[in-house]
Amino acid sequence: MLGFTRYVSRTGPAKATFVGGLRRQRERRSGFNPHGQLVKALKADIAFRTGGSYLGGVVDVVKDRWKPLYEALRAGARTYLASLGDPERVDLAQTRDAIATVGPLAVKINPHFGLRYADGRREAVRLHFDEEPPSAEAATAMLHLMARHMDQILPNAEPVLVDLRRGVAHRIDAAARPADVESWLAGEAAAFTAMWAATAAPAA
């Protein structure tokens, strides 16, 4: 899902360049996720209602090369944590991954965690770590794909995309027509698939 939603944010030749880079990365089986300990710290602060103490200490336990990244993300993560309200009224909820079929493309949908509020509301949360905020296209694609498969991910939950550097939560635009989003995504998936296949073709 991350690769596809980053793809839809790009325009013109940048799309093909991105797909080529993604394919080379996949073939090298690279792509280490440096954010794992930060996600664990955020989830621990939610689960144990510790108000950000795990986020406060996580910078000290990661490797030196990741400390600047964690320091850049920590303030926004604390802002998001505070936005959840009374810690006694929110708990973690188990989410499941799902596979979406978008045109000819299979896309894995994998939220970072779920939330359950005391008033019965549920949220399936995907985190965005990049320096730049998520584009409107990326947010629309990610939220729509999550909503479409919410019965598998976390029944009766609302999809939420959290821009963690800024602590801002994005939700589905109520004015967007799902059929229009589906049509747009199908076109993007067809182009992505064609570019992916082209990067594997031998040079003439």
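The values are calculated or read from the model by the stated rules, or taken from the named source; none is laboratory data. Computed from a predicted model, the values in this text were never measured in an experiment. Neighbour counts run over all protein chains shown; Cβ positions are idealised from the backbone, glycine included. The area values use the complete protein model at the heavy-atom level, side chains included, leaving out ligands, DNA and RNA. Shrake-Rupley method; radii C 1.70, N 1.55, O 1.52, S 1.80 Å.
Quick look at the numbers
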{"quantity": "Set of lysines near Lys67 by C-alpha distance (under 22 Å), chain-local residues within fewer than 8 positions excluded", "calculated": "Lys40, Lys43"}
{"quantity": "Mean Cβ count within 10 Å, highest first, over the residues of peptides 141-150, 38-47, 91-100", "calculated": "141-150, 38-47, 91-100"}
{"quantity": "Heavy-atom accessible surface of the chain: percent carbon and sulfur, 1.4 Å", "calculated": "52 percent"}
{"quantity": "Projected label distance in nm at Glu71 and Asp119, using a 7 Å step from Cα toward the beta-carbon", "calculated": "3.9 nm"}
{"quantity": "Around Ala72: net Lys/Arg minus Asp/Glu count, Cβ-Cβ under 9 Å", "calculated": "0"}
{"quantity": "Tensor-based shape of region 110-167 (alpha-carbon gyration tensor, a/c under 1.5 rounded, otherwise prolate or oblate)", "calculated": "oblate"}
{"quantity": "Residues listed by number, region 91-105, amide nitrogen under 16 Å from Thr50 label point at 7 Å toward C-beta", "calculated": "92"}
{"quantity": "For the chain: span of alpha carbons on each principal axis (Å, largest first)", "calculated": "60, 42, 24"}
{"quantity": "Cα-based convex hull, region 96-204, per residue volume (Å³, whole number)", "calculated": "128 Å³"}
{"quantity": "Arg10 paired with Arg177, simple spin-label distance in nm, labels 7 Å along Cα-to-beta-carbon", "calculated": "3.0 nm"}
{"quantity": "Proximal aspartates and glutamates relative to Lys108, as straight alpha-carbon distance under 19 Å, when same-chain residues fewer than 8 apart are discounted", "calculated": "Glu27, Asp97, Glu123, Glu137, Asp151, Glu158, Glu182, Glu188"}
{"quantity": "Percent of Cα-Cα distances greater than 12 Å, calculated over region 59-112", "calculated": "77 percent"}
{"quantity": "Surface per residue (accessible, 1.4 Å probe) for region 136-192, Å²", "calculated": "47 Å²"}
{"quantity": "Over region 146-203 - Rg/Rh using Cα atoms and the Kirkwood inverse-distance radius", "calculated": "1.13"}
{"quantity": "Selection from Ala175, Met146, Val162, by position along the positive dipole direction of region 144-204 (Cβ)", "calculated": "Val162"}
{"quantity": "Reachable aspartates and glutamates from Lys63, criterion Cα separation under 18 angstrom, eight or more residues apart if same chain", "calculated": "Glu71"}
